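Enquirer: Following this message is one structure expressed as structure tokens.
The values are calculated or read from the model by the stated rules, or taken from the named source; none is laboratory data. Since the structure is predicted, the reported quantities are computational estimates derived from the model, not experimental observations. Every residue, glycine as well, gets a Cβ built from its backbone with ideal geometry; the counts of neighbours run over all protein chains shown.
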Amino acid sequence: MARILLLLLTVPVVIAFSDEDESKRTTDPIEIPNQLRPFNGLIGEWRGVGQLKRGSRQGAWSEKTSWGWGFADGQAVIKATAKDGQRFRSLTFQIEDGNLQLVQDTGDQKLLFRPKPSSEAQSSKLRIFVSKPDREGVSHRCTIRQLSEKRTTILFERQTSAQGAFRRTAEIGYTRSGTSLAQTESSRRECVVTGGRGTIAVSHKGNTWYVCCTGCLQAFQQNPDKVIARYLASKKGE
């Protein structure tokens, strides 16, 4: 399994499934919550540069962050894990009681964010999340800007009182791995599970489809016929 995952991250792979295993794939595809779809553009590998102060190299760091879908116990999440990160070990978008949440795991604590209740703050390119004040009255804010398929920034801020302003604690600028800002966008393939950016080719019954991450690959493997049928129905509806 480790070798398979390593190959998926390093070279394009076409994975074929035999018909003799169809009887084992009885699990229905997990429904993708609409609240999570705006974050499809984050799926993949990213190179990040973090700064405590904008324009200053003091205290700056570099990190590698991987975003992917996860499917377990009938629930779908989008999760980022950071290598050498200084602001989080993981960031997870999840749905709780029908509501979107963002969980920041720093290793020392977990912060729970909810979307800022403002239509101006939520768009396909800009998302603002705010935590409730803790016992000391401190709140945190996380702003995610998806500037393009190749560029994303995450801003972390802190507010020490209800009357005070949010103060920047760090900002991370990300560039998608394997790309440069000077490159033009190539033709886009869609993930058959989520509709995101397809990067891994899979073959089923002589046809080639694409998924965006190993989580979606596993979901496709569970029941490719139903995944494909749902995808085609969604495209027909458009």
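Enquirer: Quickly run through segment 51-76 and pick out the residues that are over 24 Å from residue 157 (Cβ atoms) and among the aliphatic types (A, V, I, L, M).
Expert: 72, 76
Enquirer: Would you check if there is a residue in segment 153-165 being among the charged types (D, E, K, R) and at pLDDT 95 or above? Please lay out each step first, then the result.
Expert: Of all residues in segment 153-165, those among the charged types (D, E, K, R) come to 157-158.
Those left that are additionally at pLDDT 95 or above: 157-158.
The answer is yes; a qualifying residue exists.
Enquirer: Additional query: Do we have residue 55 as in a loop (DSSP other than H, G, I, E, B) and either farther than 23 Å from residue 199 by Cβ or in contact with a helix residue (DSSP H, G or I) (Cβ under 7 Å, 6 or more places away or on another chain) (or both) here?
Expert: When the stated conditions are applied, residue 55 passes them.
Enquirer: Looking at 169, 175, 194 in this structure, which one is at pLDDT 90 or above and surrounded by 20 or more Cβ atoms within 10 Å (Cβ to Cβ)?
Expert: The conditions single out 194.
Enquirer: Yes or no: segment 118-125 includes at least one residue that is within 24 Å of residue 213 (Cβ to Cβ), at pLDDT 95 or above and hydroxyl-bearing (Ser, Thr, Tyr).
Expert: No, because not a single residue in segment 118-125 is within 24 Å of residue 213 (Cβ to Cβ), at pLDDT 95 or above and hydroxyl-bearing (Ser, Thr, Tyr).
Enquirer: Moving on. State which residue is farthest from residue 38 (Cα to Cα) when the search covers only segment 197-216 and only residues that are in contact with a strand residue (DSSP E or B) (Cβ under 7 Å, 6 or more places away or on another chain) and in a loop (DSSP other than H, G, I, E, B). Steps first, answer last, please.
Expert: Step one: filter segment 197-216 for residues in contact with a strand residue (DSSP E or B) (Cβ under 7 Å, 6 or more places away or on another chain), giving 197-204, 208-216.
Now restrict to residues that are in a loop (DSSP other than H, G, I, E, B): 198-199, 212-213.
Working: 198: 15, 199: 18, 212: 14, 213: 16 Å.
Residue satisfying both the conditions and the ranking: 199.
Enquirer: Could you tell me whether any residue of segment 132-149 is of a type in the set (A, V, I, L, M) and out of contact with any strand residue (DSSP E or B) (no Cβ under 6 Å at 6 or more places or on another chain)?
Expert: So far as segment 132-149 goes, yes, one or more of its residues are of a type in the set (A, V, I, L, M) and out of contact with any strand residue (DSSP E or B) (no Cβ under 6 Å at 6 or more places or on another chain).
Enquirer: Inspect segment 26-33 for any residue being loosely packed, with under 11 Cβ neighbours inside 10 Å and either at pLDDT 50 or above or under 20 Å from the mean Cα position of the chain (by Cα) (or both) and give the result as yes or no.
Expert: Initially, segment 26-33 is screened for residues loosely packed, with under 11 Cβ neighbours inside 10 Å, giving 26, 31.
Filter once more, keeping what is either at pLDDT 50 or above or under 20 Å from the mean Cα position of the chain (by Cα) (or both): 31.
Yes, because at least one residue in segment 26-33 is loosely packed, with under 11 Cβ neighbours inside 10 Å and either at pLDDT 50 or above or under 20 Å from the mean Cα position of the chain (by Cα) (or both).
Enquirer: Same structure again: List pairs: first in segment 215-236 and touching a residue at least 40 places away in the same chain (Cβ under 8 Å), second of a type in the set (Ser, Thr, Tyr) and outside any helix (DSSP H, G or I), Cβ under 8 Å, 6+ apart or cross-chain?
Expert: 216/194; 222/27; 223/26; 223/27
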